[in-house]
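Participant: First the structure, which I've put down as structure tokens, then a few questions once you've had a look.
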Amino acid sequence: MPPLARAYIKTGMLFFAASFVLGSLLLLNAAVTLPPLVGALQPTYFHLLMVGWVTQLIFGVVFWMFPRLSREQPRGSERLGWLTYYSLNAGLLLRLIAEPWNTVAPNPIIAWLLPLSALLQLIAAWVFVANTWGRVKGK
């Protein structure tokens with residue numbers, strides 16, 4: 001398995017475990033009153049699960065298993081692959097910090113981190129598509 005695929009899958013598993021911890025806190029918050037920050041973590045939970053786990057697992061398996069692009073670059077550009085990985089994770093981590101923080105204590109500076117995190121994730125999505133597109137072909 002290529003190092004980039006391993007990085008995606010292992011990082012995804014970490015986010016998967018973190019999403020279960022966070023999901024448990026959210027369930028506990030429904031039963032007992034926890035600090036307001038816990039309630040503000042609901043969108044964070046969904047992002048951890050869907051972007052952190054599902055998207056990373058898909059990206060890692062696609063990079064690893066999709067048909068070869070060429071003999072010289074069987075998986076496309078490794079540089080673009082790593083750019084996707086770092087951009088996706090930087091955007092996700094930024095969102096995991098900024099969204100609950102801005103919900104509990106609104107701040108215009110923190111609020112600007114949310115569009116930045118979305119932009120990083122959008123860059124990751126487009127670079128992933130650009131790097132993978134040529135590998136999706138008929139027989």
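Each reported figure results from applying straightforward, stated rules to the coordinates on display, with no laboratory input. Please read these numbers as outputs of a predicted model, since none were measured by experiment. Please note: Cβ atoms are built from the backbone with ideal geometry, for glycine as well, and neighbour counts cover all protein chains shown.
Participant: On a 0 to 90 degree scale, rounded to 10, what angle separates helix 3-31 from the longest Cα axis of the chain?
Facilitator: The answer is roughly 20 degrees.
Participant: OK, next. Compute the relative contact order of segment 3-135 as a whole-number percentage, counting only Cα pairs closer than 8 Å that sit 6 or more residues apart in sequence.
Facilitator: Rounded, it is 29 percent for segment 3-135.
Participant: What label, among [x] 25, 18, 13; [y] 47, 23, 11; [z] 33, 17, 10, belongs to semi-axes √(5λ) of the Cα gyration tensor in Å computed from the structure on display?
Facilitator: [z]
Participant: Running a GNM on the chain with Cα contacts under 10 Å, which residue among 112, 82, 101 ends up with the highest mean-square fluctuation?
Facilitator: Highest fluctuation of the listed residues: 112.
Participant: May I ask you to sort 25, 41, 88 by Cβ crowding, counting other Cβ atoms within 10 Å and putting the fewest first? Display every interim value, and only then the final one.
Facilitator: Numbers: 25 15, 41 21, 88 25.
Lowest count first: 25, 41, 88.
Participant: Also, quick follow-up: Where does helix 56-65 land angle-wise versus the long Cα axis of the chain, in degrees 0 to 90, nearest 10?
Facilitator: Between helix and principal axis, roughly 10 degrees.
Participant: Under a 10 Å cutoff between Cα atoms, tell me which one of 79, 68, 95 has the largest fluctuation in the Gaussian network model of the chain.
Facilitator: With Cα springs under 10 Å in the chain, the top fluctuation among 79, 68, 95 is at 79.
Participant: Kindly express, to the nearest 10 degrees and within the range 0 to 90, the angle between helix 78-104's C-alpha long axis and the longest C-alpha principal axis of the chain.
Facilitator: 10
Participant: Please list, in order, the residues from segment 33-69 whose amide nitrogen is less than 20 Å from a point placed 7 Å along the Cα→Cβ vector of residue 25.
Facilitator: 33-54
Participant: So how far, in whole Å, is the C-alpha centre of segment 12-53 from the one of segment 65-105?
Facilitator: Centre-to-centre (Cα) distance: 21 Å.
Participant: Follow-up question, since we're still on this one. Compute the distance in nm between two label points, each set 7 Å from the Cα along the Cα-to-Cβ direction, one at residue 93 and one at residue 119.
Facilitator: According to this spin-label approximation, the distance is 1.9 nm.
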